[in-house]
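Asker: Encoded as structure tokens, here's the structure I'll be asking about.
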Amino acid sequence: MAHEVHAHSEVHHEPKSFWTKYIFSQDAKIIGIQYLITAFVMGFIAMVLSWLMRLQLGFPGKAFPWLEKLLPNAAQGGILNQDFYLAAVTMHGTIMIFFFITAAGTGGFSNFLIPLQIGARDMAFPFVNMLSYWVYLAACIVLVASFFVPGGPAGGGWTMYPPLSSTKEALMGSGWGATLWLIALALFIASTTMGSLNYITTVLNLRTRGMTMGRLPLTVWALFITAILGLLSFPVLFAAAVMLLLDRHLGTSFFTPYLVVSDKHIPHEGGNPILWQHLFWFLAHPEVYIAILPSMGITSEVLATNARKPIFGYRMMVASIAAIAFLSFIVWGHHMFVSGMNPMLGTAFMTTTLLIAVPSAIKTFNWLTTLWGGNLRFTTAMLFAIGFVSTFVTGGLTGIFLGNPPIDIQLHDTYFVVAHFHFVMGVSAVFGLFAGVYHWFPKMFGRMMNETLGKLHFWLTFIGVYFIFFPMHYLGFLGVPRRYYAFDQYEFIPQALVHNINVVISIAAFLVGAAQLLFVLNFLWSAFKGPKADRNPWKANTLEWQAPSPPPHGNWGDELPVVYRWPYDYSVPGAPEDFIPQTVPPTPARVRGDGGDGGQQR
Amino acid sequence: MPTQKREGRIEGVLLPLLLVILVIVAAVTVAFARHFGWWLRPLASEHGAAIDRLFVITLVITGLVFILVQSLLALFVFRYRGENGRRAIFYPDNPRLEITWTVIPAAILTALILSGGRLWSRIQLTPPPPDAFAVEVWGQQFKWAIRYPGKDGKFGRTDMRLISGDNPLGIDTKDPASKDDIFFPAGEGELHIPVGKPVVVYLRSKDVIHSFYVPQFRVKQDAVPGMVTRVWFVPTKKGTFEIACAELCGQGHYTMRGVLIVEDEEKVREWLAQQSTVADLIP
Amino acid sequence: MQWRTTMALVSSLALALGLSCAQKKQEPKVVKTGAAAGTATIKGVVKFQGTPLKPRMISMKQDKKCDALHKGKPVASDEFVLNSNGTLKWVLVYVKNPPKGNYKPPSKPVVLDQKGCHYTPHVFGIMVGQPLEILNSDGFLHNVHFIGKKNPQFNQAQPTSAVKIRKQFKSPELPPDSYFKCDVHPWMKAWVGIFDHPFFAVSGDDGSFTISGLPAGTYEIEAWHEKLGKQTQKVTVKAGETKTITFTFKR
């Protein structure tokens, strides 16, 4: 025993002090948890911002004295002002997409799951990995700091279209706020790039014996392909962000033509605002898949484990992730059908966009078939995974409207779009993240979460999100534009109806937000007081469940695990139990192949 | 967590129930959306009919898929809720089945692509007829400015550098074509266009990106500073319509309303004849 | 000192009232807060000769709420207002070479209101350091956008009448450099002359103006109209004297 420990510590010097173990940790698991917690805190901030938006939209013109006390500069007279409303819209989107979903999905789960699920001791570059988290934290701080600068945070929407975002005269938030936004995003991209390099290298080089690519769990496949997407697309936005900073501060004209803003001549020359849109969406479309793919991976894993069935069509699942990733690079123009881009391009982008629905359909039907004939165990994680399938379908189908340019003319920038992307990449992605946290919490903290509270959290959230986002489709039918502070100027908007719908949405939003406190409570309580978890509480096959809960530094004791089979040998006929971990050699039970590349072992 | 007697007694019933309610509510509300008035604003342009048709076709197709998938989800969750002692079916793949649900969506989507593409090229790739009624609409925080070409049918040259309090659109008065142009500074004019005649709107912006959106016309096109974009349509109904801004343009975005009056061509001409021209307004 | 402050208050109140109502004749104003207070007065009238500018009619149809305030009728612009006696309204008149001295600004604010989607008054003067109170009697969104070359710009939304904006200016500045606009209603405009002395006035409904409290001396008096430009006259006054001058703008 002593010998083993000794051998171990030769490979990985385990840090002893609290600081090196939990704060400046180079252990991927700790970094993953740091990422997750930071991201959830950011997500909470973004949710509070959405409350403020809903307060205005549901109860326009109503004065809330407490609001003035809370935000003396943003709610004079107790009514949220227009500038802060736009800042809330912008920061809600930015934080949710980049700083919450992307950070939690790629930063959090990649770090926690990749080394454990491929049988590695840690990431390929632990120091870079630590750096990645700290740069991410710096990005968060810079972004949150923008709430306290003159003019407030950026308000040009998360898409930051210039010249609105490049001209300080055009918008309150386009002064300091926009500068900090761009710096925060540049830092975030630096962090993601370091992370992505690490994830890709780790998956390619550090798989344990027997863990062929064809035996990787779908979570790892999803995280691996997400990392490739991020590595290839984020730098483009980095370049664009730097160019926009130059336009703003050094008088270049990449995106900014000659302008007259509020009677003031702003002598830029020849810049093209549409160039930013191309560069932005070249990242930002892959970005929505960067946000959703980890959750798809988590969903696949959680569904299979809790249906006690192999994931249906493993190879098709991998292929469809790859297809989605590939296609996601050539669909960005569907955000720009009415932008003034050459309409010829519209036809091309429509084709690729509607094609991307095919791999999404395959995934959906494969998840359904995974449930078919299963013996479903409704853990909280499982409920969120099933919820993911439901909301993903709801949101995905509306994409078929928006990807078709003639229909998009009418629906573009209306609440239909808000409904679409919240279902397909907001709610779904967050459901995936919740499923992941509930599923892997025992492995992260060695304790179980409270299932009753967890299920209550699910029911309230699942019902609530449909109340919030489903009615927005009808607002979209009515042509109600998004990012409006109020709707009372327009006669084409049926005032009473739209107001009633908005009241329902707002109340649902407050309730769903409050329900998230159950999660926070459950998380904190369980982390310290939850019942102790054993190694494999869900009777799952993947490697991490063979490590202690929580796994020690270096994950595996003296010997790395050896993999003999794919991760989805559930309910194999003739086997003594309804699951066979990947480490079980083929002899006793009938071996189901490796599902991929003919079982070659490295 | 060891499996107890029968897990998921509640979840396996409640979740399917919720999904069924969702399907029913969604199906009923969408089917009667027009009846409830939760529908597209009444159509008032020629090309809009085809857009609405494609919209309805897409709605029916996606609606059926929605009902199918959510119902199957509900059914499977209900039917296969966990029982002790039962073992799930080992069913890892079935290439034929998977090819089926690759090919069918692909076929449906191809059909949609084809019809969408054809309509798109009709709306966007066909140039307006040469005799179309032309007007220029400028976005400016947070109202619309308007310019008509005047009797000669030609817009005078403009230059952003010439913009001043007296000359809000930067019209070059040295250009003879500009003398008879009729313009209205942002927020001060009404946009009069003829009914039943092709109307082409040239869109420009002085400051940030705006979007010219008339819901009843099924028209939306961004106005981008530094370039001219174009949209054309045939109004089919007389009356007063609203222009809304559909691209976030700042603090007053939600108040950026314009008024568009569709009337007989003679009336438009009559009204135009009463308006002051550049020669009157710019010294 | 007491009575001087009181007088300053009274007179600036009168000024504010006169400007905001823009109906009453401009009261003679005796602001003698600093050094070089005098007793001479310059009175005058601004006349117009020639063909009047066609009144620019503003249709507020683009804004439902403004339009409702005017019952759907177009409203004449304030940019060229010819009084019934042939004089011009909204002409800013001021002493170009004021007597040297430190003039304490009155503490009573100048009031700028937004009413019927118009700034009231359309033209006004204010002293450096004097408070400016901006009201929104309309009660719906306006944004107060000050544009100047020497004073920092500000652009502040006023979503309701509950929100009052208070501002002060730091440097003297004259229109057309300095003005207020509303980006939500681009036709709304108010011109402001910012002075480091109290010797300025705006012509009213009878085209008259009065600048008082001047010490004896020779002054250059300038009159500015937003469409018709500037004119200057030299006037010499003795202590206690009241002189009458006439500006005539031609077109």
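Taken together, the values in this text are just the output of simple stated rules run on the coordinates, not laboratory data. Model, not experiment: these values are computed from the prediction. Here Cβ is always computed from backbone atoms with ideal geometry, including for glycine, and neighbour counts include all displayed protein chains.
Asker: Calculate the spin-label point distance for B:S121 paired with B:D152, positioning each point 7 Å from the Cα along the beta-carbon direction, and give it in nanometres.
Answerer: Between B:D152 and B:S121, the simple spin-label model gives 3.8 nm.
Asker: Relative contact order of region A:309-356, please, whole-number percent, based on alpha carbon pairs below 8 angstrom and at least 6 residues apart.
Answerer: After rounding, I find 41 percent.
Asker: If you don't mind, there's one more thing I want to ask. Size of the dipole of region A:517-564 about the Cα centre, Lys and Arg at +1 and Asp and Glu at -1 on the beta carbon, nothing else charged, in debye to 20?
Answerer: 280
Asker: Further question: Along each of the three principal axes of the Cα atoms of region B:56-147, give the extent in whole Å, ordering the values from largest to smallest.
Answerer: 78, 34, 20
Asker: So, one more: With only alpha-carbon pairs counted, each pair once and no self-pairs, how large is the Kirkwood hydrodynamic radius of region A:33-87 in angstroms?
Answerer: 12.0
Asker: Restricting things to alpha carbons, find the Rg to Rh ratio for region A:1-160 using the Kirkwood radius for Rh. Working shown, then result.
Answerer: Working: Rg = 20.9 Å, Rh = 18.0 Å.
Result for region A:1-160 is an Rg/Rh of 1.16.
Asker: List the DSSP H helices in chain A whose Cα atoms stretch 20 Å or more along the helix axis and whose mean Kyte-Doolittle hydropathy is at least 1.0.
Answerer: The answer, listed by residue number, is A:28-58, A:126-145, A:176-205, A:218-249, A:314-328, A:380-402, A:495-529.
Asker: Based on the Kirkwood radius over alpha-carbon pairs, what is the Stokes-Einstein translational diffusion coefficient of region A:384-510 at 37 °C with 0.692 mPa s viscosity, in µm²/s?
Answerer: Diffusion coefficient, whole number: 205 µm²/s.
Asker: Hey, another quick one. Just want the ordering: A:F467, A:F238, A:F528, from fewest to most Cβ atoms lying within 10 Å of their own Cβ.
Answerer: Taking fewest neighbouring Cβ atoms as first place, the list is A:F528, A:F467, A:F238.
Asker: Just how many % of Cα pairs in region A:439-580 lie over 27 Å apart, if you round to the nearest whole percent? Don't jump to the answer; show the numbers that get you there.
Answerer: Numbers: 5115 of 10011 pairs.
The share of Cα pairs beyond 27 Å in region A:439-580 comes to 51 percent.
Asker: May I ask for the Kirkwood hydrodynamic radius of region A:167-226, worked out over all distinct Cα pairs and given in angstroms to one decimal? Could you put the intermediate results ahead of the total?
Answerer: Values: mean 1/r = 0.0697 Å⁻¹.
Mean inverse Cα-Cα distance, inverted, gives 14.3 Å.
Asker: With a 10 Å Cβ neighbour count serving as the proxy for reagent exposure, in which order, fewest first, do B:L64, A:L327, B:L43 appear?
Answerer: B:L64, B:L43, A:L327
Asker: Which of B:L14, A:T352, C:A239 sits farthest toward the positive end of the charge dipole of the protein assembly as shown, with +1 on the Cβ of Lys and Arg and -1 on the Cβ of Asp and Glu?
Answerer: Value: C:A239.
Asker: Here's another thing I want to ask about it. In vacuo Debye scattering of chain B, one point per C-alpha: log10 I(q)/I(0) at q = 0.07, 0.14, 0.16 Å⁻¹?
Answerer: Scattering profile of chain B, log10 relative to I(0): -0.44, -1.04, -1.25.
Asker: Toward the positive end of the charge dipole of region B:94-204, about the Cα centre and with charges on Cβ (Lys, Arg +1; Asp, Glu -1), which of B:G117, B:N94, B:P128 goes farthest?
Answerer: B:N94
Asker: Mind checking the alpha-carbon convex hull of the protein assembly as shown and giving the volume per residue in Å³?
Answerer: Convex hull of Cα atoms, per residue: 174 Å³.
Asker: Mind listing P(r) for region A:307-367? All alpha-carbon pairs, 10 Å bins, whole percents.
Answerer: The percentages, shortest bin first, are 22, 39, 23, 12, 4, 0.
Asker: In Å, what Kirkwood hydrodynamic radius results for region C:155-215 from the alpha-carbon pair distances?
Answerer: Working: mean 1/r = 0.0694 Å⁻¹.
In region C:155-215 this quantity evaluates to 14.4 Å.
Asker: Further question on the same structure: Taking 45 Å as R0, compute the FRET efficiency from the Cβ-Cβ separation of C:D206 and A:N500 and round it to 0.05.
Answerer: 0.25
Asker: Now a separate question. Determine the equivalent ellipsoid of region A:289-418 by diagonalising the alpha-carbon gyration tensor, then write out the semi-axes as square roots of 5 times the eigenvalues, largest first, rounded to whole Å.
Answerer: 32, 15, 11
Asker: Where does chain A land on Rg(C-alpha)/(2.2 N^0.38 Å)? Let's see the in-between values first.
Answerer: Details: Rg = 24.4 Å, N = 602, 2.2 N^0.38 = 25.0 Å.
For chain A, the normalised Cα radius of gyration is 0.97.
Asker: What distance in nm separates the simple spin-label points at B:V13 and A:L517, each placed 7 Å from Cα in the Cβ direction?
Answerer: Roughly 3.1 nm, to one decimal.
Asker: May I pose another question? Rounding to the nearest 20 debye, state how big the charge dipole of the protein assembly as shown is about its Cα centre with +1 on each Lys and Arg Cβ and -1 on each Asp and Glu Cβ.
Answerer: My answer is approximately 1520 debye.
Asker: With only alpha-carbon atoms in the gyration tensor, what are the semi-axes of the equivalent ellipsoid for region A:98-181, in Å, largest first? Walk me through the numbers on the way to the answer.
Answerer: Details: eigenvalues 250, 30, 16 Å².
Ellipsoid half-lengths, sorted descending, are 35, 12, 9 Å.
Asker: Counting residues in region C:91-139 as N, plug N into 2.2 N^0.38 Å and put the Cα Rg over that result. Intermediate results must be reported in sequence, preceding the final value.
Answerer: Values: Rg = 13.6 Å, N = 49, 2.2 N^0.38 = 9.7 Å.
Compactness ratio reported: 1.41.
Asker: Bin by bin, in steps of 10 Å, what percent of the Cα pairs in region B:27-86 do you find, going until the bin that has the longest distance?
Answerer: The percentages, shortest bin first, are 18, 34, 22, 13, 9, 4, 1.
Asker: Can you give the charge dipole size of chain A about its Cα centre, rounded to the nearest 20 debye, using +1 on the beta carbon of Lys and Arg and -1 on the beta carbon of Asp and Glu?
Answerer: The calculation lands at about 1060 debye.
Asker: Continuing with this model, one more query. Counting helices only, and only those DSSP H runs with n ≥ 4, report the 222 nm mean residue ellipticity of chain B as the sum of -39,500 (n - 2.57) divided by its residues, in deg cm²/dmol to the nearest 500. Display every interim value, and only then the final one.
Answerer: Details: 6 runs with 97 residues, N = 283.
Only helices count here, giving -11500 deg cm²/dmol.
Asker: Sort A:M53, A:M344, B:M256, A:M316 by Cβ crowding within 10 Å, fewest neighbours at the top. Intermediate results must be reported in sequence, preceding the final value.
Answerer: Working: A:M53 20, A:M344 11, B:M256 31, A:M316 23.
Ranking A:M53, A:M344, B:M256, A:M316 by Cβ neighbours within 10 Å, fewest first, gives A:M344, A:M53, A:M316, B:M256.
Asker: Let me ask you something else. At B:T110 and B:T240, where each label point lies 7 Å from the Cα along Cα→Cβ, what is the point-to-point distance in nanometres?
Answerer: 5.2
Asker: Dividing the alpha-carbon radius of gyration of chain C by 2.2 N^0.38 Å (N being the number of residues), what value is obtained? Present the calculation step by step, with values, prior to reporting the outcome.
Answerer: Details: Rg = 18.0 Å, N = 251, 2.2 N^0.38 = 18.0 Å.
Expressed relative to 2.2 N^0.38 Å, the Cα Rg reads 1.00.
Asker: Then there's this: When only C-alpha pairs under 8 Å and at least 6 residues apart count, what is the relative contact order of chain A, in percent?
Answerer: For chain A, the relative contact order is 16 percent.
Asker: Take region A:131-262, compute every pairwise Cα distance, and split them into 5 Å bins from 0; I just need the percent in each bin.
Answerer: That works out to 2, 10, 16, 17, 15, 12, 9, 7, 5, 4, 2, 1, 0, 0, in percent per bin.
Asker: Can you give the local net charge around A:Q495? Use residues other than it whose beta-carbon is closer than 12 angstrom to its beta-carbon, Lys and Arg +1, Asp and Glu -1.
Answerer: Its environment carries a net charge of -1.
Asker: Here is a follow-up. Projected onto the charge dipole of chain B (+1 at Lys/Arg Cβ, -1 at Asp/Glu Cβ, origin at the Cα centre), which of B:L75, B:I171, B:F212 gives the Cα projection farthest towards the positive end?
Answerer: B:L75
Asker: Hey, another quick one. For region A:341-429, compute the orientation-averaged projected area of the C-alpha convex hull (one quarter of its surface), in nm². Before the final figure, lay out each step's value.
Answerer: Values: hull surface 25.7 nm².
Convex hull of Cα atoms, orientation-averaged projection: 6.4 nm².
Asker: A further question follows. On a straight-distance basis, which lysines could pair with C:K234 in a cross-link, Cα separation under 16 angstrom, same-chain partners fewer than 8 positions away excluded?
Answerer: C:K43, C:K96, C:K243
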